[in-house]
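This report refers to the structure that appears directly beneath it.
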Amino acid sequence: MEEVPLEAPRAPRSQAPQQGPEVPDAEARITVDSPEAMQELGRTLAGLLRPGDLVLLTGELGAGKTTLTRGLGEGLGVRGAVTSPTFVIARVHPSLSGGPALVHVDAYRLGGGLDEMEDLDLDVSLPESVVVVEWGDGKVEELSDDRLHVVIARAVGHEEVLDDVREVSVRGIGARWSGPDALAALSAVAPAR
């Protein structure tokens, strides 16, 4: 007679869940040479956005974050002048055309992370809006696995800062922005030099 074990032997534990191949983030680099070109970049970027998109803007004071957001507002067709929300922290610009609202946040004066921003209810606004956060690095990334990170830097040439020229790097993070063509429309604005 053969002895039957009371418990079936356990399969060995897998070390990590098997996932598909890692999809690279989309990235675009654009050189803009004027505030008008920065605003045009914002209008073009707006054509890629949809409700639920989170955009983080990084750059020193005066780099052009609000100018880019002004173009986003024009491209999304929202109500009200898009100005820096530094002192009010956040402004909501409703759509005039049935599209998503633009929630424009300036996190410059906020020291903490997402906990400090909970009072703004960004997690509630995000599904039906486009949320743009200036100075959002390290503060709002937890809101969405899919986001755009826009870094604006003053261009330097021949050891001098070129006043109106900006190097803009747009990086799409997550499945929403995967693939080499996710940001292709941006290169038509002002190809990188």
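The values are calculated or read from the model by the stated rules, or taken from the named source; none is laboratory data. Values in this document were obtained by computation on a predicted structure and should not be read as measured data. Note that each Cβ is placed from the backbone with ideal geometry, even for glycine, and that neighbours are counted across all protein chains shown. Please note that ligands, DNA and RNA were not included when accessible areas were found on the heavy atoms of the full protein model with its side chains. Shrake-Rupley method; radii C 1.70, N 1.55, O 1.52, S 1.80 Å.
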Please go through region 108-135 and pick out each residue that is more than 16 Å from ARG79 (Cα to Cα), of a type in the set (A, V, I, L, M, F, W, C), open to solvent by less than 30 Å² (accessible area, probe 1.4 Å) and modelled with pLDDT of 80 or more.
VAL133
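Yes/no matrix, rows are residues, columns are (1) open to solvent by 80 Å² or more (accessible area, probe 1.4 Å); (2) among the acidic types (Asp, Glu); (3) modelled with pLDDT under 80:
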site	(1), (2), (3)
SER169	no, no, no
GLY172	no, no, no
ARG176	no, no, no
VAL189	no, no, yes
ARG193	yes, no, yes
Every residue in region 25-81 that is farther than 18 Å from ILE173 by Cβ, of a type in the set (Ser, Thr, Tyr) and in contact (Cβ under 8 Å) with a residue 40 or more places away in the chain, please.
THR31, SER34, THR44, THR66, THR69
Quick one: which residue in GLY80, GLY138, GLY62 is surrounded by fewer than 17 Cβ atoms within 10 Å (Cβ to Cβ), modelled with pLDDT under 90, over 27 Å from GLU36 (Cβ atoms) and out of contact with any Cys (no Cβ under 6 Å at 6 or more places or on another chain)?
GLY138
Is it fair to say LEU68 is at pLDDT 95 or above and open to solvent by less than 20 Å² (accessible area, probe 1.4 Å)?
yes
If LEU96 satisfies all but one of (1) out of contact with any His (no Cβ under 7 Å at 6 or more places or on another chain); (2) over 19 Å from ILE152 (Cβ atoms); (3) at pLDDT below 90, what's the number of the condition it fails?
(3)
Set VAL156, VAL151: member being open to solvent by 20 Å² or more (accessible area, probe 1.4 Å), assigned to a strand (DSSP E or B) and either at pLDDT below 70 or farther than 19 Å from THR69 by Cβ (or both):
VAL156
